[in-house]
Amino acid sequence: MPVQYILGEWDFQGLSLKMAPPVFIPRPETEELVDWVLEEVTQKPHAVEAQGGPLVLDVGCGSGAISLSLLSRLPQSRVIAVDKGEAAISLTRENAQRLQLQDRIRIVLLDVTLESSWAHLLPWGPMDLVVSNPPYVFHQDMEQLAPEIQSYEDPAALDGGERGMDIIIHILALAPRLLKDSGSIFLEVDPRHPELIGNWLQSRPDLSLDLVAVRRDFCGRPRFLHIRRSGPQAGCPVDAWPGPQPARVPG
């Protein structure tokens, strides 16, 4: 069993988060993703909305590691955290309460592969950022994962389909309906993905999304993507936060 599950908690970005199987265990690389998001937000104040902080959508929140790290470092930020797994939703909620960050996060059981998903997020207004560490392992590589990962962690949080892009493509298709004009998407991906995703975006000019930067992880592998919306944003109402929480969406 992974040590994180044995201990029942793990440190991420200086936060002590509860861990419980089968919810995905956050890796050190994802701390680098959070660092990059924080850099972009703090260096580009125009990206911060009028209320003083960005509105962030975290897709596949897992334990809440990304969401809660951003909330703790950006005191005026607000986060919509979604996941299709009930165990993940429960764990994110518990970690938010442990860290007393529950007032600035909305945690929603939602499957982004469902066509109607975006409509359930519209009431909270257009997003400044979409951040995700999605399932990105190529399906044929799943059997090469360490036995303890295969035995204890949710495979749905790892398996990205034939080319590791099944969920990524859904996120990219969903994002233009939710992002503000010039809003950004930050993704953690497989090192083979920057070229694949760049080519896919070029084939979909209707999405008005541009791959603007690729960053390498601490091992030198191209691991993180910054994608920006270039066209006019449409379809979202004026920001209505905190507003009522949408009904539970079947996963």
In percent, how large is the relative contact order of region 15-144, given Cα pairs closer than 8 Å and 6 or more residues apart? 27 percent
Write down the Å³ per residue value for the convex hull defined by the alpha carbon atoms of region 1-135. 103 Å³
Pair Ser72, Arg228: separation of 7 Å Cα→Cβ label points (nm): 3.0 nm
Antiparallel bridges, percent of DSSP beta bridges restricted to region 1-150 (to nearest 5): 20 percent
Counting only DSSP beta bridges fully inside the chain, the antiparallel percentage to nearest 5 is 45 percent
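Using only alpha carbons, build the gyration tensor for region 68-157 and give me the equivalent ellipsoid semi-axes, biggest first, whole Å. Write out the running numbers ahead of the final one.
Numbers: eigenvalues 140, 63, 30 Å².
So the three semi-axes of region 68-157 are 26, 18, 12 Å.
Would you please calculate the Kirkwood hydrodynamic radius of region 134-203 over all C-alpha pairs and express it in Å, rounded to one decimal?
Values: mean 1/r = 0.0758 Å⁻¹.
It works out to 13.2 Å.
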Within region 1-38: backbone nitrogen closer than 18 Å to the Met142 label point (7 Å, Cα to C-beta): 22-25
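Relative contact order for the chain: what is it in percent, counting Cα pairs under 8 Å that are at least 6 residues apart? Write down the numbers at each step before the final one.
Details: 490 pairs, mean separation 49.3, N = 251.
Relative contact order for the chain comes out at 20 percent.
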For Val108, what residues show an amide H to amide H distance below 5 Å, using hydrogens built from the backbone and excluding near sequence neighbours? Ala81, Val82, Asp83
Just how much of Glu32 is accessible, in Å², when a 1.4 Å probe is used and the result is rounded to the nearest 10? 40 Å²
Go through (1) 173; (2) 161; (3) 119 and flag the label whose value is the computed volume of the Cα convex hull per residue in Å³ for this structure. (3)
In what sequence, largest accessible area first, do Glu31, Glu188 appear using a 1.4 Å probe? Glu31, Glu188
Using a Förster distance of 30 angstrom, determine the FRET efficiency expected from the C-beta separation of Glu29 and Glu86, and round it to 0.05. 0.70
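Quantify, in whole percent, the carbon and sulfur part of the accessible surface of the chain (1.4 Å probe; protein heavy atoms only). Please list the in-between numbers first.
Working: 5790 of 11110 Å².
Reported share for carbon and sulfur atoms: 52 percent.
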Between the modelled labels at Leu7 and Gln102 (7 Å from Cα along Cα→Cβ) the distance in nm is 2.5 nm
Skip the ligands, DNA and RNA, and give the accessible area per residue of the chain with a 1.4 Å probe, whole Å². 44 Å²
For region 169-175, in residue order, the Karplus 3J(HN,Hα) values (coefficients 6.51, -1.76, 1.60; θ = phi - 60°; whole Hz; Gly and Pro = x) are 5, 5, 4, 5, 6, 7, 4
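Efficiency by 1/(1 + (r/R0)^6): what FRET value for Glu195 and Glu162, r their Cβ-Cβ distance, R0 = 22 Å, to the nearest 0.05? Before the final figure, lay out the partial values.
Working: r = 16 Å, r/R0 = 0.73.
Efficiency at R0 = 22 Å is approximately 0.85.
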Which value, in Å² rounded to 10, gives the accessible area of Phe24 with a 1.4 Å probe and all protein chains present? 40 Å²
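The values are calculated or read from the model by the stated rules, or taken from the named source; none is laboratory data. What you see is a predicted model; the values in this text were computed from it and never measured. When we count neighbours, we look across all protein chains shown, and the Cβ atoms used for this are built from the backbone with ideal geometry, even at glycine. Keep in mind that these areas ignore ligands, DNA and RNA; they rest on the heavy atoms of the full protein, side chains included. Shrake-Rupley method; radii C 1.70, N 1.55, O 1.52, S 1.80 Å.
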